[in-house]
Amino acid sequence: MTATGPGPAESPRPAGEGDRSAPRPSRGQGSSTGSPRADREGRPGGTSPGGPGWVWDERYASHEWPTDPDPSLVALAGDLTPGSAVDLGAGPGRNAIWLASRGWRVRCVDRSRVGLEQASARAAALGVTLETEEADLTDWESPTRRFDLAVLANIHLPAAPLASLVQRAAAALRSGGHLYLVGHHRDSHGRAGPPDPDLLFTETGIRQLLEGLPELDRVEVWRVERPGHEGSPLADVVAWAST
Ligand SMILES: C[S@@+](CC[C@H](N)C(=O)[O-])C[C@H]1O[C@@H](n2cnc3c(N)ncnc32)[C@H](O)[C@@H]1O
């Protein structure tokens with residue numbers, strides 16, 4: 001494992017989790033690898049927000065998505081006093097539900113109605129509640145600095161929309177807040193994440209992205225390995241930044 005700093009390096013993913021972007025097919029469908037392609041505006045599959053057939057709706061309706069939270073989030077946020085969090089691109093809410101179960105008030109933002117409905121249903125079954133907001137991340141904005149934690153897990157947008165989203169996420173944080181980001185490392189290209197290598201993360205790229213933001217005054221970035229298929233580990237980039 002290659003990592004610097006505390007936290008995620010000591011917290012490998014649960015054995016057998018493997019690739020989060022290769023969810024298990026259900027309803028008799030074939031296997032699937034990687035994430036859908038994003039267009040230049042950061043819309044996976046090129047379907048337009050507001051239009052029919054958001055690719056992630058179809059994906060969540062036909063595949064089981066992991067339910068365990070990211071171990072690096074557990075390691076980094078586990079000791080924080082619960083407050084208000086936003087999970088940007090929450091999907092079926094594995095990280096949001098973990099936070100809510102620890103007392104956080106969590107807002108899930110996603111373009112996928114199916115993902116948000118699955119998140120709400122699973123949260124209800126576990127006795128916690130989530131706020132949900134169906135919105136496009138490429139123009140989502142918080143009207144105030146209202147969150148203590150912003151989560152961006154596996155949101156692989158092209159460079160410009162990703163930079164814009166991270167900037168808006170940082171601007172949504174209260175003083176003393178944290179931004180958590182995790183995504184597939186470019187070293188995992190072809191085995192995890194979107195097929196376009198330009199959408200995958202490197203430590204340098206993510207560090208530059210976060211260090212350029214005036215709201216963030218402490219930025220830590222790690223390369224974290226986790227079990228992959230057939231013994232070949234997969235790599236993620238994990239970042240933790242604080243206002
Ligand atoms: C790879 S999934 C990650 C889900 C969740 N964060 C996790 O780690 O399990 C990407 C999610 O981002 C959402 N997403 C991607 N681009 C988006 C956009 N432009 N606007 C809103 N949601 C978007 C998708 O709908 C999907 O739920």
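Determine, yes or no, whether Ser164 is of a type in the set (S, T, N, Q), over 21 Å from Leu99 (Cα atoms), over 13 Å from the mean Cα position of the chain (by Cα) and modelled with pLDDT under 95. So Ser164 does not fit the description; no.
Before we move on, is Ser175 within 15 Å of the ligand (Cβ to nearest atom) and either surrounded by fewer than 17 Cβ atoms within 10 Å (Cβ to Cβ) or in contact (Cβ under 8 Å) with a residue 40 or more places away in the chain (or both)? In short, no.
Being small (Gly, Ala, Ser) and either in contact (Cβ under 8 Å) with a residue 12 or more places away in the chain or within 22 Å of Pro194 (Cα to Cα) (or both) is a property that holds for Ala90. When the residues of the stretch 92-109 are narrowed to those that are of a type outside the set (S, T, N, Q) and out of contact with any strand residue (DSSP E or B) (no Cβ under 6 Å at 6 or more places or on another chain), which ends up nearest to the ligand (Cβ to nearest atom)? Per the stated criteria, the residue is Arg94.
Scanning for something at pLDDT 95 or above, within 9 Å of the ligand (Cβ to nearest atom), surrounded by 18 or more Cβ atoms within 10 Å (Cβ to Cβ) and among the acidic types (Asp, Glu), does the stretch 110-132 turn up at least one residue? Checked the stretch 110-132: at least one residue is at pLDDT 95 or above, within 9 Å of the ligand (Cβ to nearest atom), surrounded by 18 or more Cβ atoms within 10 Å (Cβ to Cβ) and among the acidic types (Asp, Glu).
The values are calculated or read from the model by the stated rules, or taken from the named source; none is laboratory data. Because the structure is predicted, anything quoted here is derived from the model rather than measured. Please note: Cβ atoms are built from the backbone with ideal geometry, for glycine as well, and neighbour counts cover all protein chains shown.
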